[in-house]
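S.K.: Here you go, one structure.
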């Protein structure tokens with residue numbers, strides 16, 4: 001019973017911390033004079049992915065056995081899978097809920113007149129879709145190489161880990177230098193939680209709120225994962241299933257919470273940018289660490305997770321490029337995670 005209570009308490013702590021984190025990171029972006037999209041793709045994504053990257057680093061560098069090091073490899077594969085399926089799916093579901101709420105408000109205020117709205121206007125303009133598609137286009141070939149390297153063995157493979165760091169450096173520079181003309185005009189930031197009465201909070205308060213919330217997110221996320229590890233066997237799940245199916249969702253919970261909060265605030269572009277930016281980090285930094293410090297050899301379950309990730313991104317990329325992505329179709333991305341879970345049954349059985 002204690003594990004379930006702690007699980008719920010950790011989830012609440014992560015959500016509340018993420019509310020304070022997104023509030024701080026928007027002000028941080030303003031202080032650093034980076035574009036609004038870079039706030040999601042770089043600042044928020046880097047902040048929430050940093051704890052997971054630290055866990056991967058510890059696992060691959062200090063693991064006493066190959067099995068212990070494999071935990072880091074599994075995390076490097078599970079993170080992108082959870083983001084490409086569950087995180088995008090939850091974002092789509094939240095958009096559908098927001099749409100229903102708006103319709104209910106219109107119904108209370110009177111019948112809605114005029115022409116029917118365009119499909120999924122809440123996902124942004126065609127320019128927004130092109131930018132999001134560009135992020136996925138960066139991710140997919142990097143991830144494909146990442147999976148391919150897990151299927152082969154050769155002497156200089158560890159050195160290629162440095163190439164993954166270089167790819168992220170190029171992506172980082174591209175996002176930071178992106179044109180501010182694509183930013184939303186006249187966006188007003190909510191008051192900083194640390195200084196709610198200040199029209200323009202002090203820089204130290206912005207940095208302090210960002211760091212404090214990241215620390216809380218890190219420890220709450222780790223405790224959440226430990227509770228899942230304990231609850232899994234209680235539900236009749238093997239340790240392997242818990243590690244491959246439940247732990248990735250737990251480790252990506254901050255990104256999912258960020259998306260929920262930003263969609264609720266009407267900042268869908270930031271929510272989607274946070275997910276795509278976190279995916280680029282997960283495809284490069286943990287992979288680079290894994291290549292440098294482990295054999296980077298995939299078993300059947302890891303190959304299956306890589307395949308599902310690529311199929312899910314391919315599905316979304318086609319919809320983005322053809323301008324057919326809607327909130328409902330975005331929500332369907334979560335179904336790929338269900339397919340992944342069903343596929344684990346014969347693999348681990």
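The values are calculated or read from the model by the stated rules, or taken from the named source; none is laboratory data. All values derive from a computational prediction rather than experimental measurement. Positions of Cβ are generated from backbone atoms using ideal geometry, with glycine treated the same way; all protein chains shown enter the neighbour counts.
S.K.: Counting just the residues of the range 340-349 that are at pLDDT 90 or above and over 20 Å from the mean Cα position of the chain (by Cα), which one comes out surrounded by the fewest Cβ atoms within 10 Å (Cβ to Cβ)?
M.R.: Our first condition is that a residue be at pLDDT 90 or above; within the range 340-349, this holds for 340-343.
Going one step further and asking which of them are over 20 Å from the mean Cα position of the chain (by Cα), we end up with 342-343.
On the way: 342: 9, 343: 16.
Checked the range 340-349; the qualifying residue surrounded by the fewest Cβ atoms within 10 Å (Cβ to Cβ) is 342.
S.K.: Quick one: in the range 5-25, which of the residues that are in contact with a helix residue (DSSP H, G or I) (Cβ under 6 Å, 6 or more places away or on another chain) and more than 16 Å from residue 262 (Cα to Cα) is surrounded by the most Cβ atoms within 10 Å (Cβ to Cβ)? Can you show your working first?
M.R.: Here is the first cut: in the range 5-25, the residues in contact with a helix residue (DSSP H, G or I) (Cβ under 6 Å, 6 or more places away or on another chain) are 6-7, 10, 13-15, 17-22, 24-25.
So of that shortlist, the ones also more than 16 Å from residue 262 (Cα to Cα) come out as 6-7, 10, 13.
Working: 6: 16, 7: 18, 10: 22, 13: 17.
In this case the residue turns out to be 10.
S.K.: Run down 60, 55 and say which single residue is buried (at least 17 other Cβ atoms within 10 Å of the Cβ), farther than 25 Å from residue 29 by Cα and at pLDDT below 75. Walk me through it before giving the result.
M.R.: Numbers: 60 fails: at pLDDT below 75.
Result: 55 is the single residue among 60, 55 that is buried (at least 17 other Cβ atoms within 10 Å of the Cβ), farther than 25 Å from residue 29 by Cα and at pLDDT below 75.
S.K.: Looking at 2, 50, 28, 43, can you tell me which residue is under 14 Å from the mean Cα position of the chain (by Cα) and either surrounded by fewer than 22 Cβ atoms within 10 Å (Cβ to Cβ) or modelled with pLDDT under 85 (or both)? If you could, list the steps in order and put the result at the bottom.
M.R.: Numbers: 2 fails: under 14 Å from the mean Cα position of the chain (by Cα); 28 fails: under 14 Å from the mean Cα position of the chain (by Cα); 43 fails: either surrounded by fewer than 22 Cβ atoms within 10 Å (Cβ to Cβ) or modelled with pLDDT under 85 (or both).
The match here is 50.
S.K.: Quick one: residue 198 ticks every box in (1) exposed (fewer than 14 other Cβ atoms within 10 Å of the Cβ); (2) at pLDDT 80 or above; (3) in a helix (DSSP H, G or I) bar one, so which box is it?
M.R.: (3)
S.K.: Go through (1) outside any helix (DSSP H, G or I); (2) modelled with pLDDT under 80; (3) touching a helix residue (DSSP H, G or I) at 6+ places or on another chain (Cβ under 9 Å) one by one and return the number of the condition residue 34 breaks.
M.R.: (2)
S.K.: Suppose the filter is under 23 Å from residue 93 (Cβ atoms) and outside any helix (DSSP H, G or I); does residue 342 pass it? Can you show your working first?
M.R.: Details: under 23 Å from residue 93 (Cβ atoms): yes; outside any helix (DSSP H, G or I): no.
Here the answer is no, as residue 342 does not meet what is asked.
S.K.: A further question follows. Would you confirm whether or not the range 256-269 contains a residue that is in contact (Cβ under 8 Å) with a residue 24 or more places away in the chain and over 28 Å from residue 20 (Cα atoms)?
M.R.: No.
S.K.: What is the residue count in the range 109-129 for residues that are farther than 16 Å from residue 330 by Cα and modelled with pLDDT of 75 or more?
M.R.: 1
S.K.: Only residues that are within 18 Å of the chain's Cα centre (by Cα) and surrounded by fewer than 15 Cβ atoms within 10 Å (Cβ to Cβ): list them for the range 322-339, please.
M.R.: The answer is 335, 338.
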